[in-house]
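Enquirer: To start, I am sharing the structure in question, which I have written as structure tokens.
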């Protein structure tokens, strides 16, 4: 599977564009993905902040990650417009019976597939070589387009997870 995302991102958006990433509790089917892409497209076409059109983008990546982006060089995003995107995510969650708000579920690339693991099982997975310091991790706390491009899919050892595994990573290295 190709995990490169640059060609799918809007090139005309500023690097400082704000980003929100929501991870699904499961892989969406092809049919669900098409429906979600329509929902996201419709939302972005009407996304506004205090009546001004938001220069926005939304997409489903790898059948599991809903990503929103707003280029605030055009129009600032207010609390109400952010709430609008959250409302869309809640709609997707309820329509497709998935959890898109579980920040304690982590995603990794293992054997060319996206695999999920609860944070509570991180140390166990590392000790048993399910993941290693070099395993690619989806760092869903990225905040900007530039971070999405360069820091979303990174090795565990370069993420905030390294601090949780510090002693174990140092004994392996």
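Enquirer: Could you state the number of Å between the C-alpha centres of the range 97-145 and the range 61-80?
Expert: 22 Å
Enquirer: Next up: If one takes the longest principal axis of the Cα atoms in the chain, at what angle in degrees, from 0 to 90 and to the nearest 10, does the Cα axis of helix 30-46 lie?
Expert: 50 degrees
Enquirer: For helix 79-96, report the angle its Cα long axis makes with the longest principal axis of the Cα atoms of the chain; keep it between 0 and 90° and round to the nearest 10°.
Expert: Tilt of helix 79-96: around 70 degrees.
Enquirer: Another one. Given the DSSP H assignment, sum -39500 (n - 2.57) over each helix run of at least 4 residues in the chain and divide by its residue total; what's the result at 222 nm in deg cm²/dmol, nearest 500? Can you show the working numbers first?
Expert: Working: 6 runs with 59 residues, N = 173.
Value at 222 nm, helices only, nearest 500: -10000 deg cm²/dmol.
Enquirer: Continuing with the same structure: If each residue's Cβ is checked for other Cβ atoms within 10 Å, how do 152, 160 rank with the fewest at the top? The partial results should precede the final answer.
Expert: Working: 152 21, 160 10.
Result, fewest neighbours first: 160, 152.
Enquirer: For the ranges 41-53, 98-110, what's the packing order if you count other beta-carbon atoms within 10 Å of each residue, average per peptide, and put the highest first?
Expert: Listed from highest to lowest mean packing, they are 98-110, 41-53.
Enquirer: Take every Cα pair under 8 Å in the chain that's 6+ residues apart, average their separations, divide by the length, and report that relative contact order as a whole percent.
Expert: The value is 24 percent.
Enquirer: Hey, another quick one. Can you put 157, 111, 90 in order of Cβ neighbours within 10 angstrom, beginning with the fewest?
Expert: With the fewest neighbours first, 157, 111, 90 line up as 111, 90, 157.
Enquirer: A follow-up question, please. Of the residues 147, 35, 23, which exhibits the maximal mean-square fluctuation in a Gaussian network model of the chain defined by a 10 Å Cα contact cut-off?
Expert: Judging by the Gaussian network model, the answer is 35.
Enquirer: For the range 13-96, what relative contact order do you get, as a whole percent, if you take Cα pairs closer than 8 Å and at least 6 residues apart? Walk me through the numbers before you get to the answer.
Expert: On the way: 111 pairs, mean separation 30.8, N = 84.
Once divided by the residue count of the range 13-96, the mean separation gives 37 percent.
Any read-out appearing in this document is the output of simple, stated calculations on the displayed coordinates, not a laboratory observation. Keep in mind that this is a model prediction, so the values were computed, not measured. FYI the Cβ positions are ideal-geometry reconstructions off the backbone, even for glycines, and counts take in every protein chain you see.
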